[in-house]
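This report concerns only the one structure given below.
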Amino acid sequence: MDVLPITATIAALLAIQMFILTILVSLRRVSLGKEHGDMAKFPYQDGGDPILQRRMRAFGNFAEYVPMCLLMLALLEFNGTSDGLL
């Protein structure tokens, strides 16, 4: 029995997207660390780097909004909303 197959599929795709965003933030942190000669310099800060700031904000927005959207999608699917609308 499939339980919420559309929500599960979308959640899996979004998990891949979140992994990609995580990698982009991490790669920029490593790049900044190499530029400054201290790989441990930017574990939590953005160092004023606009590229890292944008990547961090993209990840933050994703982490803030995706859970509620997935919850709403699951509720719609559970209540029998048509597959086309989902």
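The values are calculated or read from the model by the stated rules, or taken from the named source; none is laboratory data. Note that the structure is predicted; figures quoted are calculated from it, not measured. Neighbour counts are summed over all protein chains in view; Cβ atoms, including those assigned to glycine, are modelled from backbone coordinates with ideal geometry. We work out accessible area using only protein heavy atoms, side chains counted, and drop any ligands, DNA or RNA first. Shrake-Rupley method; radii C 1.70, N 1.55, O 1.52, S 1.80 Å.
Accessible surface of the chain, 1.4 Å probe: 67 percent of it comes from carbon and sulfur atoms.
Heavy atoms of the protein chains alone define the surface here; on that basis the stretch 41-86 has 73 Å² accessible area per residue at 1.4 Å probe size. A crude spin-label estimate for the pair Ala58 and Thr9, with each label 7 Å from Cα along the Cβ direction, gives 2.6 nm.
Computed over all pairs of different Cα atoms, the Kirkwood value for the hydrodynamic radius of the chain is 15.0 Å. In this Cβ point-charge picture (+1 for Lys and Arg, -1 for Asp and Glu), the chain has a dipole of about 420 debye about its Cα centre. When peptides 31-43, 51-63 are ranked by their average number of other Cβ atoms within 10 Å per residue, the highest-first order is 51-63, 31-43.
Modelled spin-label separation between Leu70 and Ile23, with each label point placed 7 Å from Cα along the Cα-to-Cβ direction: 1.9 nm. Phi-derived couplings, Karplus 6.51 cos²θ - 1.76 cosθ + 1.60 at θ = phi - 60°, listed residue by residue for the stretch 14-29: 5, 5, 5, 4, 5, 4, 4, 4, 4, 4, 4, 5, 5, 5, 5, 4 Hz, with x used for Gly and Pro.
Rounded to the nearest whole Hz, the Karplus-based 3J(HN,Hα) values (6.51 cos²θ - 1.76 cosθ + 1.60, θ = phi - 60°) of the stretch 45-54 follow the sequence 8, 9, x, x, 7, x, 5, 5, 4, 5, with x at glycine and proline.
In this calculation the C-beta distance from Gln45 to Thr81 is compared with R0 = 30 Å, giving a FRET efficiency of 0.10.
Under a 5 Å amide H cut-off, with hydrogens placed 1.01 Å from N, Leu4 pairs with nothing among residues at least 5 apart or on other chains.
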